[in-house]
1. Using the Kyte-Doolittle scale, find the helices of the chain whose mean hydropathy is at least -0.5 and whose Cα atoms extend 18 Å or more along the helix's long axis, counting only whole DSSP H runs.
2. Treating only the Cβ atoms of Lys and Arg (+1) and Asp and Glu (-1) as charged, compute the dipole magnitude of the chain about its Cα centre; round to the nearest 20 debye.
3. I'd like the distance between the alpha-carbon centres of the range 19-36 and the range 409-427, rounded to an integer number of Å.
4. Lys/Arg Cβ at +1, Asp/Glu Cβ at -1, dipole of the chain taken about the Cα centre: which of Val85, Gly95, Val116 is farthest positive-ward?
5. Which one of Ala342, Thr104, Ser321 has its Cα pushed farthest toward the positive end of the charge dipole of the chain, where Lys and Arg give +1 and Asp and Glu give -1 at the Cβ?
6. Would you please name the GluC sites (Glu not before Pro) within the range 360-459 that are DSSP coil residues with at most 10 other C-beta atoms within 10 Å of their C-beta?
7. Count charges around Glu84 for me, please; just the other residues with Cβ under 11 Å from its Cβ, Lys/Arg as +1, Asp/Glu as -1.
8. Looking at the square roots a ≥ b ≥ c of the eigenvalues of the Cα gyration tensor of the range 1-44, which shape do they give, rounded for a/c under 1.5, prolate if a/b is larger than b/c, or oblate?
Amino acid sequence: MKGLCCVVLAAGLGTRMKSRLAKVLHPLAGRPMLSHTLENVLSLKPEKTAVVIGHQAEKVRSLLPPGVISAMQKEQKGTAHAAEVGLGALREAEGILLLLSGDTPLLDTETLKGLVSYHKRKKADMTILTAFLEEPFGYGRIVRDDGGIKKIVEQKDASASERGIKEINSGTYCFNIKSLKKALKDVRSANAQGEFYLTDVVEILRRKGGRVAGIPVEESATALGVNSRVELAAAEKIIRAKINRRLMASGVTIIDPDSTYISAVASIAPDTIIHPGNSITGKTDIGPGCVLMPGNIISESVLGTGVIVKGYSVIEDSKISDEAHVGPFAHLRPGSIVGTGARVGNFVELKKASLGEGTKASHLTYIGDATIGKNVNIGAGTITCNYDGFSKFRTVIGDDVFVGSDSQFIAPVNIGKGALIAAGSTITKDVPKDALALSRAPQMNRENWAKENRERKKK
Ligand code: UD1
Ligand code: CA
């Protein structure tokens, strides 16, 4: 947007969070609160954007996309001081300033656009985005008179009757930059908190004959600020519902949105069905026609087309190809790859392991640091012994191998294509292709021994 600059205030610690982590770094739907705010701001394509940083400045700075300026506020003297610092970083900027807080992550692009165009239409010096809240406690209240907005009074400075006002200041504003610069010079800190309040600019502008406008948001929840863990949870709930609604609108079935947790950066294709209790975190990418049965945790993973994840599986940083089935109770640890049509069954754990197309590991198995070919059958209870207490070693199994139940592979070991591993074998040496490998003590039967033993014991 031409002639528009933005300042985002994010220097505070957020004392009410009772946290060692700066408030704007707290995650919401899987990414820092500030990233939500910045995404909305940047979608307006401002000419310049500055973020005022202070507490944990380096961590906050590392979140800023290229082109966003950081402005250091060494001491947090209040929002008016922060605004001054932000303006300083924008240098000779003129025109309109959109100013908002890093702790109002529920605002959306449409609301911000609406604010800017209303501000232009009203030719105002300052336009405040307001909201009507049933529980306005903690927010600055909008005091109106015949001339429009008379002042904003903070909770701690408000009289009993002012506390009854339900129209609140969202902390998001548009300014004429020149008018703001002038007004900021007159802000003083004689208030309950001894801070330089940006909200005092309202009275200052009015005194000078300036125009102050206000526009309420359409949906009051978009204006909510996050100052405490309770408000963080409320924001999380709203964002989560929004993500779920967007996905359902695009063709994903979510059986119980209230118990489905999907990160803001995950993508899910149409005709995938998500049962209750799934948690899909990070940059997970799920293809079309998948079924996620109840209770899975899927993070930073890629699922192809028609994948079925049976319940209560944990999938981390892994890739599952088309038509594969995983679970119930499977654990795919980072670096696992499941081939097309492959099966990973109950109580199977994979780690840095790939299963080829059509391969099956259906029950009670650990496969770590392994490359398994196509159409391999891994019998129940198979274990790759990949660790000697010091280093990790690989197991490589060729295509079409049949691994009998309860086999162990003492890595490093290579099994040739088409080999057969007899059940109960402990494999310590490579097996050539198409060979039979059998390594277990030969069986010995003693006729009648058990019966005689029982009789001996009875005596
Ligand atoms: C502020 C408004 C209040 C409004 C509310 C909306 C003031 C005085 N009050 O109150 O009217 O209803 O937001 O959510 O502006 N910050 C800095 N440097 C500072 C102080 C604050 O960068 O020196 C940042 C904070 O990190 C935060 C934002 O400014 O992101 C707002 O500060 P906060 O202390 O949360 O203000 P509120 O008490 O919520
Ligand atoms: Ca706040």
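1. The qualifying helices are 229-249.
2. 780 debye
3. First find each Cα centre; the distance between them is then 49 Å.
4. Val85
5. Towards the positive end, the residue furthest out is Thr104.
6. Passing both the DSSP loop test and the Cβ count: Glu447.
7. With Lys, Arg at +1 and Asp, Glu at -1, the net is +3.
8. Judged from the Cα gyration tensor, the range 1-44 comes out oblate (a/c at least 1.5, b/c at or above a/b).
The values are calculated or read from the model by the stated rules, or taken from the named source; none is laboratory data. Keep in mind it's a predicted model, so treat the numbers as computed, not measured. Ideal geometry is used to build each Cβ from the backbone, glycine not excepted, and the neighbour counts take in all protein chains shown. Remember, those area values only see protein heavy atoms, side chains included, never the ligands or the DNA or RNA. Shrake-Rupley method; radii C 1.70, N 1.55, O 1.52, S 1.80 Å.
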